[in-house]
Amino acid sequence: MKELDIFKKVFLLAVAKRENGESMQTTMESLVNTGMFDMNEAKKVLEELRDEKYLIGDNLSMTGVMVANSAEKEFKQ
């Protein structure tokens, strides 16, 4: 598994931590509100994560879950 940049890790962690029933649009808006992304960047990262199979539709793949869990541990250090 290749090393992902911080933006992709944060995005995957946000998807993993979203509330039940929260849409991908709402997740992206939350990330934009943090100032880490603008909406165009968020959409680009979303597309890349889908292309790289970390996301299937609006849900994490098994690989996406593993990366999100790893990112959470990394960020807690």
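The values are calculated or read from the model by the stated rules, or taken from the named source; none is laboratory data. Owing to the predicted nature of the structure, the values given are computational and were not obtained by experimental measurement. As a convention, Cβ positions derive from the backbone with ideal geometry for all residues, glycine included, and neighbour counts pool all protein chains shown. Accessible surface is based on the protein model in full, side chains and every heavy atom, while ligands, DNA and RNA are left aside. Shrake-Rupley method; radii C 1.70, N 1.55, O 1.52, S 1.80 Å.
For Val15, are the conditions met, namely being assigned to a helix (DSSP H, G or I), out of contact with any Phe, Trp or Tyr (no Cβ under 6 Å at 6 or more places or on another chain) and either open to solvent by less than 50 Å² (accessible area, probe 1.4 Å) or modelled with pLDDT under 95 (or both)?
Yes: the conditions hold for Val15.
It is to be established whether one or more residues within region 32-40 are more than 11 Å from the chain's Cα centre (by Cα), closer than 18 Å to Glu3 by Cβ and open to solvent by 90 Å² or more (accessible area, probe 1.4 Å).
Scanning region 32-40 turns up no residue that is more than 11 Å from the chain's Cα centre (by Cα), closer than 18 Å to Glu3 by Cβ and open to solvent by 90 Å² or more (accessible area, probe 1.4 Å).
Going by what's in this entry, would Lys53 be described as out of contact with any helix residue (DSSP H, G or I) (no Cβ under 8 Å at 6 or more places or on another chain) and open to solvent by 50 Å² or more (accessible area, probe 1.4 Å)?
For Lys53, the condition - out of contact with any helix residue (DSSP H, G or I) (no Cβ under 8 Å at 6 or more places or on another chain) and open to solvent by 50 Å² or more (accessible area, probe 1.4 Å) - is not met.
Can you find a residue that is in contact (Cβ under 8 Å) with a residue 60 or more places away in the chain and outside any loop (DSSP other than H, G, I, E, B) anywhere in region 41-64?
Yes - at least one qualifying residue is present in region 41-64.
Select, from Glu74, Glu3, the only residue that is at pLDDT below 95 and part of a loop (DSSP other than H, G, I, E, B).
Glu3 is the lone residue from the list that is at pLDDT below 95 and part of a loop (DSSP other than H, G, I, E, B).
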